[in-house]
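The values are calculated or read from the model by the stated rules, or taken from the named source; none is laboratory data. Predicted model, so just to flag it, every value in this text is computed and none were measured. Cβ coordinates were reconstructed from backbone atoms using ideal geometry, including for glycine residues, and neighbour counts include every protein chain displayed. Heavy atoms of the whole protein, side chains included, go into the accessibility calculation; ligands, DNA and RNA do not. Shrake-Rupley method; radii C 1.70, N 1.55, O 1.52, S 1.80 Å.
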Amino acid sequence: MERKLDVLIDARTISNRVAELGREISRDYQGRHPLLVGVLKGAVVFLSDLMRSLTVPVEIDFMAVSSYGYSTTSSGVVRILKDLEKSLEGKDVLIVEDIVDTGLTLNYLRENLASRKPNSLKVVTLLDKPERRRVEFTADYCGFVIPDYFVVGYGLDYNEKYRHLPDLCILKGEEE
Ligand code: PRP
């Protein structure tokens, strides 16, 4: 089937919203030094823009988890492929994700990181697809709530492709 990309959220709209999130998060974390925990790989583009929109000093670290493999359907299995470098004890931790879909990944991650005794733990996601939820999950900060489209670009992929696109696009003709 032929592939087609339709822009869902353009780069300028994303950039404006990331700047707003940056202001909100900077206000909430005034006087603190949060640790941003990026979830590889999808969140890389969002994290790199978000951290530059913050006015509080931050540290960054990354985790890699696997829930999907190379399929677009969630298996419900979350596996840690790469863990954090340092302890979270006493830190103000902000998990940075690109998308909450079924909620399985972040539900697992939030519980896992909470058990490491951070001072505080919050989640920021660029995108939220509430229609696909399998477990209850609400992010503390969210960029955009979107319908159940298969989206790529701005860090999100299909079989590792399209992550570099500056716009968030709907991929048609190759999904599932
Ligand atoms: C995506 C996304 C989240 C997860 C969300 O990652 O980055 O981690 O799926 O889905 P869920 O709410 O259904 O658990 P993916 O496994 O596609 O890996 P990637 O970030 O490396 O592309």
| Which one is nearest to the ligand (Cβ to nearest atom), of the residues in segment 155-166 that are open to solvent by 40 Å² or more (accessible area, probe 1.4 Å) and not in a strand (DSSP E or B)? | 157
| message | Step by step: first the residues of segment 15-63, then only those that are assigned to a loop (DSSP other than H, G, I, E, B) and small (Gly, Ala, Ser), then the one that is most open to solvent (accessible area, probe 1.4 Å). Which residue is that? | response | 31
| said: Against the condition surrounded by 16 or more Cβ atoms within 10 Å (Cβ to Cβ) and within 10 Å of the ligand (Cβ to nearest atom), how does residue 152 come out, does it pass? | reply: yes
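Based on what the data block shows, is residue 149 under 17 Å from the mean Cα position of the chain (by Cα) and either at pLDDT 95 or above or farther than 24 Å from residue 59 by Cα (or both)?
yes
Conditions tested, residue by residue: (1) at pLDDT 95 or above; (2) surrounded by fewer than 16 Cβ atoms within 10 Å (Cβ to Cβ); (3) under 14 Å from the mean Cα position of the chain (by Cα).
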| residue | (1), (2), (3) |
| --- | --- |
| 4 | no, yes, no |
| 9 | yes, no, no |
| 80 | no, yes, no |
| 89 | yes, yes, no |
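If you take the residues in segment 92-124 that are within 19 Å of residue 56 (Cα to Cα) and of a type outside the set (A, V, I, L, M), which one is surrounded by the most Cβ atoms within 10 Å (Cβ to Cβ)?
118
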